[in-house]
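This report refers to the structure that appears directly beneath it.
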Amino acid sequence: MSGAANCPETPRQKMIGMMYLVLTAMLALNVSADILNGFTMVDNSLLTNTETCLQQNNGLYGDIQYLYDQNPEKVGEWLEKSKVVKAKSDSVVNFLLTCKRDMMQMADGYEIALDTVNRHKLQKKDNLDISGEYFQLNTTKQRAQEFQQRLTDYRHFVEDMFGNDSAQTAIYEKKFSTAPAVNSHGEKVDWINSMFESMPIIAVTTMLSKYENDIRTTEAELINYFKMQTDAGDFRVNKIQAFVIPTSKHVMKGGTYKAQIALSAVDSTKVPEYYIGGSRLSSNTYTVTCNSLGVFQYSGKIVLRGNDGIPREYAFKDEYTVGAPSATIANEDMNVVYMGYNNRISISVPGVATEKLQVSPSHGSLQKSGALYIYTPKSYDDVVINVSTTVEGRNTPMGSGRFRVRALPDPTAFLSIKDDNGNAVLYNPNTSKHKLTRRQLVEGDMVAEYADGLLKASFRIAEFTLLIDDGRGGFNASKSNGSKFTDTQRKKLMGLKSGSTILIDKIKVTGAKSTTLSYAPIVLP
């Protein structure tokens with residue numbers, strides 16, 4: 001408001017100019033005071049929230065302690081982690097309070113107790129130099145770097161406590177970020193300068209209150225997370241049933257029946273997944289068609305998701321026994337075994353696998369062969385076969401059977417011939433309806449078999465004598481060493497007249513039994 005050199009200001013004009021300058025300054029001071037008071041309001045709000053959060057945190061710590069008292073084994077891990085979180089959070093907050101107290105003392109010029117710093121009313125709120133001086137921005141920046149490192153360490157600590165979950169990590173990377181930022185002049189600078197350079201002290205202390213509040217709320221989030229983990233692996237149930245699970249539904253005389261009596265608690269809204277081997281079942285019922293005898297083992301797992309959504313696996317294994325359908329029916333008059341013969345005997349006990357049976361005869365030998373036993377007598381005395389098994393660790397008799405020992409009956413002699421279709425047929429004049437041809441006769445072999453097929457024994461024809469009709473009422477005899485006719489015998493047979501009679505006599509048999517058999521006369525066609 002100054003005039004030109006040739007037009008000096010009047011005293012009135014000078015007064016008006018001074019008043020304008022004072023008014024402008026006063027306006028500037030009023031705007032600045034409003035901004036500073038706004039920081040004070042924000043700071044008070046943050047401190048109120050922090051105080052409330054502290055009270056909530058104390059309640060959460062009390063809850064964790066109570067849960068631990070009820071179940072130390074289950075909650076012990078989470079109580080210890082809660083104590084670590086509290087110690088870490090208190091350490092960083094104490095650092096923030098120390099920084100806030102030191103700067104307030106530098107600004108207002110007198111000492112402030114650390115435990116009252118958040119209640120202190122800062123007098124010189126507009127100082128722009130104290131924060132830079134305190135955090136050593138123009139020298140080593142050591143204190144500012146310590147502040148930055150403490151925030152970074154705390155961020156990593158929190159992320160680890162959340163198991164480095166990607167969603168949680170993203171949240172805390174933003175909340176405790178120390179990346180370069182824009183300062184009060186709109187310039188992009190490192191985090192330290194953007195926080196403390198040319199900033200009013202009230203803005204810096206408010207920022208410290210903000211970090212204090214962030215740490216206390218993060219502490220609450222962690223403790224709540226730990227509290228949830230104490231039962232994250234538990235399962236809610238809405239249905240309880242009683243079950244009786246016997247070790248076996250078949251009990252031997254002298255044995256003990258055992259069963260577990262249990263409650264089964266399930267959540268009908270959560271359906272487990274059932275697996276046998278690597279194959280998933282469509283329900284909780286395992287069904288298998290049993291076409292083979294024996295003991296069969298199987299294993300699998302049940303998969304169920306907990307309240308935290310994590311699937312948990314529960315392995316199991318069991319076995320079952322497949323036995324043949326059987327009823328014990330015996331003809332006491334026919335309990336016979338044969339000397340010199342592999343007697344095939346079936347032995348079973350309902351509910352017990354044959355592999356678990358102990359079988360012993362009073363004499364002779366007994367060997368397992370597939371599902372049967374092969375018994376060979378040693379003498380003609382009656383034999384007793386005893387059966388036992390192991391029940392609850394002790395040998396328990398299951399029963400016995402007595403058999404008479406007899407000599408094998410004589411087999412029947414047959415002529416083994418080929419029918420018109422080339423099939424082997426057993427021919428005997430007394431029993432066969434088949435009409436024998438001369439060619440079938442001379443090409444046939446003598447064999448010894450049991451006609452009824454009930455016994456399966458192996459015999460060998462050692463020799464026989466052929467008696468050929470001489471046409472004068474007599475017979476010419478010749479011996480064959482084996483089961484076949486000799487060449488001479490064949491020629492004679494082919495040269496005989498129709499209606500001639502031949503005899504096969506003195507048929508010596510070896511093998512399962514050594515004996516001499518006879519054969520009915522054959523009339524040549």
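Any read-out appearing in this document is the output of simple, stated calculations on the displayed coordinates, not a laboratory observation. The shown structure was predicted, so the numbers you read here are calculated from the model rather than taken from an experiment. Please note: Cβ atoms are built from the backbone with ideal geometry, for glycine as well, and neighbour counts cover all protein chains shown.
Panel order for M161, M103, by other beta carbons found within 10 Å of each beta carbon, from fewest to most: M161, M103.
Taking a straight line from the alpha carbon of K497, these lysines sit under 27 Å away, with near neighbours fewer than eight places off in the same chain left out: K418, K433, K435, K479, K484, K506. Size of the stretch 11-229: Rg and Dmax of its alpha carbons, in Å, are 21.7, 90. Scattering from the C-alpha atoms of the stretch 412-523 alone, worked out with Debye: what is log10 I(q)/I(0) at q = 0.13, 0.20 1/Å? Debye output, listed in q order: -0.48, -1.13.
Each of C99, C290 was scored by other Cβ atoms within 10 Å of its Cβ. Listed from fewest to most, they are C290, C99.
Measuring against 30 Å, Cα to Cα, the residue pairs K86/K301; K83/K175; K83/K301; K378/K456; K188/K210 contain K86/K301; K83/K301 as the ones spanning a longer distance.
Taking amide H as placed 1.01 Å from N in the peptide plane, N127 has its amide H under 5 Å from the amide H of I201, I202, each at least 5 places away in sequence or on another chain. Straightening the chain between A87 and T52 buys 10.7 nm, computed as 0.36 nm per residue apart minus the Cα-Cα spacing. Taking only the Cα atoms of the stretch 87-137, the ratio Rg/Rh comes out at 0.99, with Rh defined as the Kirkwood radius. Label points 7 Å out from Cα along the Cβ direction at A407 and K433: separation in nm? Placing both labels 7 Å beyond Cα along the Cβ direction yields 3.6 nm. The distance between label points at A424 and D470 comes to 3.7 nm (points 7 Å beyond Cα on the Cα→Cβ vector).
With R₀ set to 45 Å, the beta-carbon distance separating D445 from T289 gives a calculated FRET efficiency near 0.45. A Förster radius of 56 Å, combined with the Cβ-Cβ distance separating D231 from R344, puts the computed FRET efficiency at roughly 0.30.
Rg/Rh, computed from the Cα trace of the stretch 332-406 with Rh as the Kirkwood radius, has the value 0.98. A Förster radius of 51 Å combined with the Cβ-Cβ distance from I112 to E73 puts the calculated FRET efficiency at roughly 0.60. Taking packing as the residue-averaged number of other Cβ atoms within 10 angstrom, the listed peptides 497-504, 123-130 run from highest to lowest as 123-130, 497-504.
Approximating the spin labels as points 7 Å out from Cα along Cα→Cβ, the F296-to-N164 distance works out to 4.6 nm. Ordered by the number of other Cβ atoms lying within 10 Å of each residue's own Cβ, fewest first, D381, D420 fall into the sequence D420, D381.
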